[in-house]
Amino acid sequence: MSGYPIVTKRRLAPSITLLEVKAPRVARKAHAGQFVMLRVSEQGERIPLTIADKAPEKGTITIVFQSIGFTTKQLAAMEAGQSLADVLGPLGRETEVEKVGRVVCVAGGVGIAFIYPEIKAFAEAGNEVISILGARNKDLFFFVDEIRDLSSELHLCTDDGTLGAHGLVTDVLRGLLEKGERYDKCIAIGPIPMMRATTALTKEWNLPTLVSLDPIMVDGTGMCGSCRVTVGGEVKFACVDGPDFDGHQVDFDELAKRKRAFVEEEQCLLAQAAEELEKQRDDTNTETPS
Ligand code: FES
């Protein structure tokens, strides 16, 4: 079979999908923090996705994504048995994992999938891991049991109070710090506002914080410049210099602005796809039964 076959597909939450994909070379070489660039079809755009897990013995990697854009919706429509055109990777620098002591891992939304390999790596390196996971509501959590098994404490919170504490991950972290808990490192992965708020809080407490950035990427190999971010006043390319960076040095305003650069084009593509689908439905409905 050509391409990269999808071995398993699971719907983790509304609009969040897990795919286990056969990519033996990537599975053998991948480390925490790295990502792949994939294409659904030969004509499709390349999109970066973090490697959420790997099983080198089976030759598979696991990716988790939220279907919000044109390509992620196409990807979510694929089924086990179908193949992706390309899976290029592992790309990016692996996370520097050391034994530092107590590591607080903070994730929001689909960021839970991306922090899972980091939690695993820091726990395996002998650190005590404290995890704080947040979501809009109780139906949007996943990997909770897996993360609980690796953590000495697990704190959940929701925006609407349907599970765990009512509030944001930063409220939980602030509460723990104010209670006297001390950590040696923080890892924060999630939407830009969440990483911005977390790093602002940890800066107050002088807590070194690593974030994983996902700016727009085109080639994923440092050639095109589309993933440019400013860190500590210097220009970096997230695909080759990151995606992990010192969160206290990241220019989140610039990152947020650059992420919005193609919003109109994306909406046009989604509208075209919806029209196409509508047309296909009309054609099917008007076909004369034989
Ligand atoms: S994606 Fe092109 S330079 Fe990083």
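Of all the numbered requirements in (1) within 16 Å of the ligand (Cβ to nearest atom); (2) modelled with pLDDT of 95 or more; (3) of a type in the set (A, V, I, L, M, F, W, C); (4) out of contact with any strand residue (DSSP E or B) (no Cβ under 8 Å at 6 or more places or on another chain), Val231 misses one, and that requirement is (4). Based on what the data block shows, is Met78 touching a Leu at 6+ places or on another chain (Cβ under 9 Å) and either in the same structural domain as Ala107 (by TED's automatic domain parsing) or not in a strand (DSSP E or B) (or both)? Criteria met by Met78. Any residue at all in the stretch 83-101 that's assigned to a loop (DSSP other than H, G, I, E, B), farther than 30 Å from Leu207 by Cβ and touching a residue at least 40 places away in the same chain (Cβ under 8 Å)? Looking through the stretch 83-101, at least one residue is assigned to a loop (DSSP other than H, G, I, E, B), farther than 30 Å from Leu207 by Cβ and touching a residue at least 40 places away in the same chain (Cβ under 8 Å). Condition first: within 21 Å of Thr198 (Cα to Cα) and hydroxyl-bearing (Ser, Thr, Tyr). Can you find one or more residues in the stretch 72-91 that meet it? No, there is no match, as no residue in the stretch 72-91 is within 21 Å of Thr198 (Cα to Cα) and hydroxyl-bearing (Ser, Thr, Tyr).
Residue-by-condition table, conditions (1) touching a strand residue (DSSP E or B) at 6+ places or on another chain (Cβ under 7 Å); (2) buried (at least 22 other Cβ atoms within 10 Å of the Cβ):
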{"position": "Gln74", "(1), (2)": "no, no"}
{"position": "Glu79", "(1), (2)": "yes, no"}
{"position": "Ser83", "(1), (2)": "yes, no"}
{"position": "Thr95", "(1), (2)": "yes, no"}
{"position": "Glu98", "(1), (2)": "no, no"}
{"position": "Gly109", "(1), (2)": "yes, no"}
{"position": "Ile115", "(1), (2)": "yes, yes"}
{"position": "Lys120", "(1), (2)": "no, no"}
{"position": "Ala125", "(1), (2)": "no, no"}
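Reported count of residues in the stretch 127-149, each being buried (at least 19 other Cβ atoms within 10 Å of the Cβ) and not hydroxyl-bearing (Ser, Thr, Tyr), is 12.
Selection of the stretch 17-60 for residues being within 16 Å of the ligand (Cβ to nearest atom) and among the acidic types (Asp, Glu) yields only Glu45.
Yes/no per residue for (1) touching a helix residue (DSSP H, G or I) at 6+ places or on another chain (Cβ under 8 Å); (2) among the hydrophobic types (A, V, I, L, M, F, W, C); (3) modelled with pLDDT of 95 or more; (4) not assigned by TED's automatic domain parsing to the domain that holds Gln34:
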position	(1), (2), (3), (4)
Val106	yes, yes, yes, yes
Val110	no, yes, no, yes
Lys120	yes, no, yes, yes
Ile132	yes, yes, yes, yes
Asp139	no, no, no, yes
Asp145	no, no, yes, yes
Ser151	yes, no, yes, yes
His155	yes, no, yes, yes
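Taking the criterion of being more than 10 Å from the ligand (Cβ to nearest atom) and among the small types (Gly, Ala, Ser), the only residue of the stretch 234-247 that qualifies is Gly247.
The set of residues from the stretch 223-243 being surrounded by 17 or more Cβ atoms within 10 Å (Cβ to Cβ), of a type in the set (D, E, K, R) and farther than 24 Å from Asp86 by Cβ comprises just one member, Lys236. The residues listed here are Thr221, Thr198, Thr202, Thr162; of these, the one that is polar (S, T, N, Q) and within 30 Å of Arg39 (Cα to Cα) is Thr221.
Here Gly220 meets each of (1) at pLDDT 90 or above; (2) within 16 Å of the ligand (Cβ to nearest atom); (3) surrounded by 15 or more Cβ atoms within 10 Å (Cβ to Cβ) with one exception, condition (1). Taking every residue in the stretch 8-28 that is farther than 19 Å from Asn137 by Cβ and pairing it with any residue that is among the polar types (S, T, N, Q) and surrounded by 19 or more Cβ atoms within 10 Å (Cβ to Cβ), at least 6 positions away or on another chain, the pairs with Cβ-Cβ distances below 6 Å are Glu20/Thr60; Glu20/Thr62; Lys22/Thr60; Ala27/Thr60.
Ile147: outside any strand (DSSP E or B) and within 14 Å of the chain's Cα centre (by Cα), yes or no? The answer is no for Ile147. The number of residues in the stretch 40-57 that are among the polar types (S, T, N, Q) and crowded, with 22+ Cβ neighbours inside 10 Å comes to 1.
The values are calculated or read from the model by the stated rules, or taken from the named source; none is laboratory data. Everything numeric here is computed off the predicted structure, so don't read it as measured data. So basically every Cβ, Gly included, is an ideal-geometry build from the backbone, and we count neighbours across all protein chains shown.
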